[in-house]
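No lab work stands behind these numbers, since they all come straight from the coordinates. Please read these numbers as outputs of a predicted model, since none were measured by experiment. Cβ atoms come from the backbone with ideal geometry, glycine included; neighbour counts cover every protein chain shown.
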Amino acid sequence: MSKKCCCEKKEDYKLPVKATLPMRTVVIGILSLAAWWLLYGQLGAISQWITYNLIGLTRNTHLGSSVEVFLFDTLKVMMLLVLIVFAVGIVRSFFTPEHTRKILAGKHESIGNVFAALLGIVTPFCSCSAVPLFIGFVTTGIPLGVTFSFLISAPMVNEIALVLLYGMFGWKVAALYLGTGLLIAIVAGWIIGRMKMEKHVEKWVYATQMGDADDASQELTWPTRIQYGLDAVKDIVGKVWPYVIAGIAVGAGIHGYAPENALAAIMGKDAWWSVPLAVIIGIPMYSNAAGIIPVVEALLSKGAALGTVLAFMMSVIALSLPEMVILRKVLKPRLIATFIGVVGIGILLIGYLFNIMDLHKLILK
Amino acid sequence: MKITVYGSGCAKCKQTEELIKRVVAETGVNAEVVKVSDIREMIAAGIMSTPAVAVDGTMKISGRVPNADEIKKWISG
């Protein structure tokens, strides 16, 4: 190992902090996007070629078309995931929790709820840092209800859920999920704010003095942001691809072999009790969007109603036992119960609404 | 030099700590790597997202895992 003196690399420091986007990066970016677009347009032909020429299956057979559909769906969802996760990764490099806190600190309650729910989509959030984030928010004067709007929206409305819903059921279902997810976050947060539950936050929280850390986002340069996007792709896509493939495979199998409407009686829109049941089963379950959408797809294809299934999906993603255990450090049981209750009822109402409106026809296929 | 890694024990926090220890060992810089997992201490330092890293009390990064080059820059200062 060569023993280079660390001081020799000092000129690295002199790099201008606000470096602009280098020309080379722009060119590579445009070329990659064009390549992505071309490839995406050819996915149908590619999956046919692999199925019938490379593997050598016969056209118009049961197996042949199953394999073709499986390949097409998998490639489509994976390509969408890579692009969206990369884009969202770059967007997120602009929205640190510190930055979001600054935006929210000056907002009044109702408008604050809306902003908090929207910022929940773009701010990087992991339930493992829910506690420091919660304390950071409430100790800088952000109302409790506004903080909850953020905590509800951040895990529930995320790019993976939206991409998978778009890829499998089309943009209408994805938009419906986005819209109703935001609505629940805004309204539930607002209601919790109205209930004046500040005394049910653990006492030490408000006694805590939040230190002042420098906003790390200001140091980010464009190459770092792009690196951030690439890291997000490596991290997220690397983690979720097995679920996606398994889910599409299970879905394809169910499509081909399970009897139609097998679930219509117990999870169809006429079974009124199936919505609360789906929510109650969903609350303690913990999974990310990638793990749950395959189940969604399977349930829908067997005749379950859209409202029931979306309610199940939302309660699994938005409310989870591990997150409640983490939040117990800062919230008293009564507030946790209120949180679960308000969000659960919101999800329940959305489920019923979808079933009554009979939105099932929105699903492609 | 004192490098503080703040993290509640999530996978990324462990990854950050290991990477920093490796880079410190590789570069031979005289630095002590400390892991802080107490929430109150994190709050006192002004951290809202983990993993976060401070070098001699100055916050360098929060909310993501740094790469080896970034760590080298911090410790070669």
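Summary of computed values
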item: Amide H within-cut-off set for B:ILE61, under 5 Å, with H built and near neighbours excluded; result: B:VAL53
item: Cβ-derived FRET efficiency at R0 41 Å, A:ILE30 paired with A:ILE363, nearest 0.05; result: 0.70
item: Antiparallel DSSP beta bridges within the protein assembly as shown, percent to nearest 5; result: 65 percent
item: DSSP beta bridges in the range B:2-76 [antiparallel fraction, %, rounded to 5]; result: 60 percent
item: Helix B:11-27 vs. chain B, principal-axis angle (Cα, 0 to 90°, nearest 10); result: 20 degrees
item: For the range A:313-365 versus the range A:91-116, the gap between their alpha-carbon centres in whole angstrom; result: 22 Å
item: Cα centroid separation - the range A:21-86 against the range B:1-63, whole Å; result: 40 Å
item: Rounded to the nearest 20 debye, dipole of chain A from Cβ charges on Lys, Arg, Asp, Glu; result: 420 debye
item: Convex hull of the range B:2-76 built on C-alpha atoms - directionally averaged projected area, nm²; result: 4.1 nm²
item: Percent of alpha-carbon pairs separated by more than 35 Å within chain A; result: 34 percent
item: Computed label-point distance, nm, for sites A:ASP270 and A:LYS172 using a 7 Å Cα→Cβ extension; result: 2.3 nm
item: Cβ crowding within 10 Å averaged over residues, with B:60-68, B:18-26 ranked highest first; result: B:60-68, B:18-26
item: Axial C-alpha extent at least 24 Å, average Kyte-Doolittle at least 0.0 - helices from chain A (DSSP); result: A:23-41, A:62-92, A:171-194, A:238-257, A:333-357
item: As computed over the range A:290-365, the Cα convex hull volume per residue (Å³); result: 86 Å³
item: B:MET48, A:MET357 arranged by Cβ crowding within 10 Å, fewest neighbours leading; result: A:MET357, B:MET48
